[in-house]
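Here's the structure, in structure tokens; my notes come after.
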Amino acid sequence: MGAVLLLGLLTACGSANAPEVSTEPNAQAMAAEKVLHIGELWAIDGIDPVNQGTLVKEKALVTEVLCEANEKFELIPGLATEWTHTDDNTWVFTIRQGVKFHDGTAMDAEAVAWSINNALAVNPTLVTSTNISSVSATGDYEVTIATSKPNAELPEYMHLSGFGIIAAGTYDNSGNFVLPIGTGPYKVDTFNNSTGVLTVIKNNDYYGTKPSIDKVVITGMTDPSTRALALESGEIDFTCDVPFNETDRLDALDKIRIEKYVTARTYCINLNCGDLFSDKKVRQAASLAMDRETIANDVLYGCGSVSKSMYTDNMAWDNTEIDGAAFDLEQAKKLMAEAGWSDSDGDGYLDKDGRVFEFTLITYTQRPGLPLIAEALQAQLKELGMKVNVTTMDSSAITEHIKSGKEWGMYLSGSATCMAPSCVYFLENKYYSSNISAYGYSNAEMDSMIDKCKTEFDTAERYEISKQIQALAMDELPVIYVCNYGVAYGFNEKVSNFKFNPTAHDYMWNVDIQIN
């Protein structure tokens, strides 16, 4: 039985639709070969290291980045051993020596510069977020990155998995993607696009700690119940996010254990501020009507915790003075009345100028907590007089639904708060006006503060500006935070020595994990 521990989609390019690619001929299986089978919560429809970097870097351990992060969300050396800014628009990175790609070619400054430039070309949003204007090799093991305007946290942004360093051989002579050739402890063996199965094998030439597992097979299993059944049957050895109401039953089985952790992710709600939630008092009322304690303890079966804001308190830039978790239904009703909403016909729902306060809450099912929270919010907001219609759809369809102008009021998701260990990256993505126009919210003051934070090179001052942005965001509430995301890992008991990585997005297994 496992202990319960609480600690701090895009398509591939080129030939990703080919049925299978392999780095080398299959060797005869050996009796002593150690194989780990993983049930992945997302469909694996490609292994492009730029657009599917989280899979390739964190879950398959094929690529690595220049700057890594420790459990305190502090930057530590990765493929770069050090970095410094020589002026407000220039960063210089010293590249680790003695590292080779999986194809045997050397990882030097020229290779690193090519890889970063390739990532910027494949995914232009990386240019927008980083402000990078040029990347060049300025020595055998020195890379210089220039920005169009200051970015004080460029090293933090280089932690993004889309910047995983790859060899030019990742593409064929025509520029078509073949498979990711990285520097990590594992390398791609085969990928079958039709079945969504990725197999990686250990890199015997890895410069760091050598992997203990010979082969890892990662299979896409988008339904949480399917993942639980596969774990129970022995089809897989590890998975992420089994149904929360099944965790106790599974943990009681002899050959399975469940471990729970709080991760750098949040259950949050983007509001349609261009419609019913245009009034700040209405947004604040909706937040006050949410009983987060009940959701965390009962609805999520203890898999998570009450969220007071967007960050968790193990992040140095978290504004710990914010408490956005208050539950006060009477104050919520008062705010709705001040906003002009009342139940004029006694049907239990608020109305104003002939319109009932009715909207659609949209979410998706890959993360098992989302439908549970949606159902709970439907009941809790009814007590306030809001009529909530819950709709679930594939996560890939939600953005188009919102952009198309179709009716919606709330979008409930599980958002990673630390894709980069940065005090501003999440805030920029979640609140900067040009990034959230589809949600009907803009705030010039917020934009100005985000710009100032991103260009402040003094760390203490930058964190202070971030805290001010957090306070403004929690007052304005275009986004409501419900609970800190709790992840439920399921293990076959033959798997041991797993070390939780709080910086991982879903999961990241350690190279010295054991399977007996």
>> Below 15 angstrom from the Cβ of Asn245, what's the summed charge of the other residues (Lys, Arg +1; Asp, Glu -1)?
In response: -4
> Once Lys and Arg get +1 and Asp and Glu get -1 on their Cβ, which of Thr86, Leu66, Val56 lies farthest toward the positive end of the dipole of the stretch 39-129?
Replying inline: Val56
> Between the DSSP loop rule and a limit of at most 14 other Cβ atoms within 10 Å, which trypsin sites (Lys or Arg not before Pro) in the stretch 416-516 are left?
Replying inline: Lys494, Lys499
>> Given the options Ala325, Ala337, Gln366, identify the residue whose Cα lies farthest towards the positive end of the charge dipole of the stretch 310-372 (+1 on Cβ of Lys, Arg; -1 on Cβ of Asp, Glu).
In response: Gln366
> R0 = 41 Å: FRET efficiency of Thr459 with Ser342, Cβ-based, nearest 0.05?
Replying inline: 0.25
> What's the local net charge at Ala444, with K and R +1, D and E -1, over the other residues with C-beta under 14 Å away?
Replying inline: -3
> Which value in deg cm²/dmol, rounded to the nearest 500, describes the helix-derived mean residue ellipticity at 222 nm for the chain, given -39,500 (n - 2.57) per DSSP H run of n ≥ 4 and division by the residue count?
Replying inline: -6500 deg cm²/dmol
> So how do 250-257, 475-482 stack up, highest first, on mean other-Cβ count within 10 Å?
Replying inline: 475-482, 250-257
>> Based only on other Cβ atoms within 10 Å, what is the fewest-to-most ordering of Thr222, Thr138?
In response: Thr138, Thr222
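All other residues with a Cβ under 12 Å from the Cβ of Tyr489 taken together, and with Lys, Arg as +1 and Asp, Glu as -1, what is their net charge?
-1
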> Which label belongs to the value computed from this structure, given these candidates for Rg and Dmax of the Cα atoms in Å: [x] 24.5, 86; [y] 23.6, 76; [z] 26.6, 103?
Replying inline: [y]
> Charges only on Cβ, +1 for Lys and Arg, -1 for Asp and Glu: so what's the dipole of the chain about the Cα centre, in debye to the nearest 20?
Replying inline: 400 debye
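Taken together, the values in this text are just the output of simple stated rules run on the coordinates, not laboratory data. Source: prediction; values computed, not measured. A quick note on method: Cβ atoms are made from the backbone with ideal geometry, for glycine too, and the neighbour counts reach across all protein chains shown.
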